[in-house]
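Peer 1: First the structure, which I've put down as structure tokens, then a few questions once you've had a look.
Here, each number is a calculation from the coordinates, and none is a lab measurement. Keep in mind that what you see is a predicted model, and the values were worked out from it rather than measured. Cβ sites come from the backbone with ideal geometry, for glycine too, and all protein chains shown count toward neighbours.
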Amino acid sequence: MKSFLNNNSEEINSKFSSLRSSINKQRKFALKSRISSQPQATDFEYLLGAFIEMYEPYLKKIVRLLYEKGYAIDVSSGFGSKNAEFQVMTGNFSIDYVTKNKLERIGVKFREYNGSNSLIFWPEEATLESINTIWMKIIEALPNKGKLTAPSTG
């Protein structure tokens, strides 16, 4: 796992930036299509607080798997920084000491900032395969809190 101190190659940064740009175009197109064809949120999206198309496309599966384990992440999750060399999972979730240690062993850092928490990692390569591999390891490391549900009104 690379750290931000080791990941300063212009070539690598260019690859990450290019990948983010391509992903962003896909996301914008999907969101525009979604709003014009189905502007109402599904129950799943209501719990997330966002249309699924608002997330970077490669995160759709990740968002669903996290939802099944009781986590909702912010649409700002995905590529981070100016050069897009790291991935971030942002949301209102807590991480216990044991889970934090599991995540650190796979190269994922936990950050708290202004009431929001983030998990951050630096992929080895600028490929979706490399990125998704780490996302899946994060999902495996997070404890199951039970599927997200709407608060009861009774």
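Peer 1: Per DSSP helix of 4 or more residues, -39500 (n - 2.57); summed, then divided by the residues of the chain. What does that give at 222 nm, rounded to the nearest 500?
Peer 2: -13500 deg cm²/dmol
Peer 1: Additional query: How do 37, 118, 76, 9 rank when sorted from fewest to most other Cβ atoms within 10 Å of their own Cβ? All intermediate terms of the calculation are to be shown ahead of the outcome.
Peer 2: Details: 37 7, 118 19, 76 16, 9 11.
Going from least to most buried by this count: 37, 9, 76, 118.
Peer 1: Can you tell me which of 89, 54, 136 moves the most in a GNM of the chain? Springs connect C-alpha atoms under 10 Å apart.
Peer 2: Fluctuation is largest for 136.
Peer 1: If you don't mind, another one. Rank the residues 98, 63 as a footprinting-exposure proxy: fewest other Cβ atoms within 10 Å of their Cβ go first.
Peer 2: Values: 98 10, 63 23.
Fewest to most other Cβ atoms nearby, the residues stand as 98, 63.
Peer 1: Over 23 Å between C-alpha atoms is what I'm after, so list which of 28/137; 61/137; 28/147; 100/137; 25/145; 109/137 land there.
Peer 2: Exceeds cut-off: 28/137; 28/147; 25/145.
Peer 1: Sticking with this structure for a sec: Give a residue-ordered list of calculated ³J(HN,Hα) values for the range 104-117 (Karplus: 6.51 cos²θ - 1.76 cosθ + 1.60, θ = phi - 60°; whole Hz; x for Gly, Pro).
Peer 2: With coefficients 6.51, -1.76 and 1.60, one gets 4, 5, 9, x, 9, 9, 9, 10, 10, 7, 6, x, 10, 10 Hz.
Peer 1: If you place +1 on the Cβ of every Lys and Arg and -1 on the Cβ of every Asp and Glu, how big does the dipole about the Cα centre of the chain come out, in debye to the nearest 20?
Peer 2: In total the dipole reaches around 180 debye.
Peer 1: Another one. Evaluate the relative contact order of the chain (contact order divided by residue number), counting alpha-carbon pairs under 8 angstrom at least 6 apart; express in whole percent.
Peer 2: 27
Peer 1: Once phi is turned into θ = phi - 60°, what whole-Hz ³J(HN,Hα) does the Karplus curve with 6.51, -1.76 and 1.60 give for every residue of the range 91-101, x standing for Gly and Pro?
Peer 2: x, 9, 9, 10, 10, 7, 4, 5, 5, 4, 5
Peer 1: For residue 60, go through the aspartates and glutamates and keep the ones whose alpha-carbon is under 18 Å away, minus same-chain ones fewer than eight residues off.
Peer 2: 43, 45, 68, 74, 129, 140
Peer 1: Rounded to the nearest 5, what is the percent of antiparallel bridges among the DSSP beta bridges in the range 10-141?
Peer 2: Details: 13 of 13 bridges.
Of the beta bridges lying entirely in the range 10-141, close to 100 percent run antiparallel.
Peer 1: Test of the criteria: in the range 1-107, which trypsin sites (Lys or Arg not before Pro) are in a DSSP loop and have at most 12 other Cβ atoms within 10 angstrom of their Cβ? Don't skip to the end; give the middle numbers.
Peer 2: Details: sites: 2, 15, 20, 25, 27, 28, 32, 34, 60, 61, 64, 69, 82, 100, 102, 105; in loops: 2, 69, 82.
Passing both the DSSP loop test and the Cβ count: 82.
Peer 1: Let me know the shape class of the range 10-141, please: from the alpha-carbon gyration tensor, a ≥ b ≥ c as square roots of the eigenvalues, rounded when a/c is under 1.5, otherwise prolate if a/b is greater than b/c, or oblate.
Peer 2: Note, shape of the range 10-141 comes out oblate.
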